[in-house]
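The values are calculated or read from the model by the stated rules, or taken from the named source; none is laboratory data. Worth saying up front: this structure is predicted, and the values here are computed from it rather than measured. Note: ideal-geometry Cβ built from the backbone for every residue, glycine included; neighbour counts use all protein chains shown. Accessible surface is based on the protein model in full, side chains and every heavy atom, while ligands, DNA and RNA are left aside. Shrake-Rupley method; radii C 1.70, N 1.55, O 1.52, S 1.80 Å.
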Amino acid sequence: MAVLSKVYNMCLLAIEDITSMAGSEIKLEDVGKVINSEVTNEEKTNFIIQYILAQREPMLNFLKTIIFAFVVFIIGRKIVKALLGMTSKAMERKEVELSIQKFVMSFAGLAYNTLLVFIIAGILGVGASSIVAMLGSAGLAVGLALQGSLSNLAGGVLILLLKPFKVGDYIITSGEEGTVTSIDIFYTRIHTTDNKVIVIPNGTISSSNVTNTSNQPERMLIVDFMVSYGAKTSEVRSLIMAILRSEESICQDKDMSVVICSLNPLRVKMQAKAWVKNSEYWITKFALLEKIKDTLMENGIDIS
């Protein structure tokens, strides 16, 4: 015990000698000076131990701050989720259009999470002015680097304002076609008939031609078919008109017609035209093609 007490006293004396250069408080820069000095390794070790012991309280305080910030983050995420749910329900109660709901929810998620980041940064001691300055600088750099994304954002706003289409519409644009499932901040997603999801930038859609086949409740259905030159036009017209009048999905109160649209070198191209409900367009078209083919063949009209 006497030996340990002697060693302990020697360590204290060494530490007092070394720390005399900076007063009673040991600073990190003093640690560097001592390490690079010519004192013995034992004295360097003692000084580092003393420095670590001196940092216990600041480290504990910092650890408490980190734990508190983490707890606030967990609770904040739950609050953000609850706020998003409340925002969604509020728009549903007011019967806001579905495409606008999805767009607003994207913005709301970004805004709520940004506010949470500000709160966490404040707990960690980062000033609001520093965060704003950092975000301003980062925003400028990101804005220059992501000009395409900003044009997509502007395109999304234009789509919501001008409403060339909405969620649930069947559109044809940029060489793709399908049913619109969502209009997000930067992209529009469409679902094709063969169960594929296509993501198209809003900027591309806003600067391209868009064909909206769902904008009207009814749609003109045109079915092309070929017959030989030996077929009588009046007979073909009579048979096809009978098919059109018997089809329940066709609007019987609107015009229907069967016409010759072109004379090809070997065949006569004809068209059957009728109006159908938009929701029944494809089903009716496929059914008519099958009925026209079977009816013409049963009546001896060459369609090969």
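Descriptive notes on the structure:
- When the stretch 169-191 is filtered for residues that are charged (D, E, K, R) and closer than 16 Å to Val104 by Cβ, only Asp184 remains.
- Residue in the stretch 228-240 that is under 30 Å from Thr192 (Cα atoms) and not charged (D, E, K, R) present: no
- Contact annotation: residue pairs with Cβ atoms under 8 Å, 6 or more positions apart or on different chains, pairing a residue in the stretch 81-101 that is within 17 Å of Ala111 (Cα to Cα) with a partner that is open to solvent by 90 Å² or more (accessible area, probe 1.4 Å), are Gln101/Glu92.
- Total residues in the stretch 278-302 satisfying the condition of being outside any helix (DSSP H, G or I) and surrounded by fewer than 16 Cβ atoms within 10 Å (Cβ to Cβ): the figure is 3.
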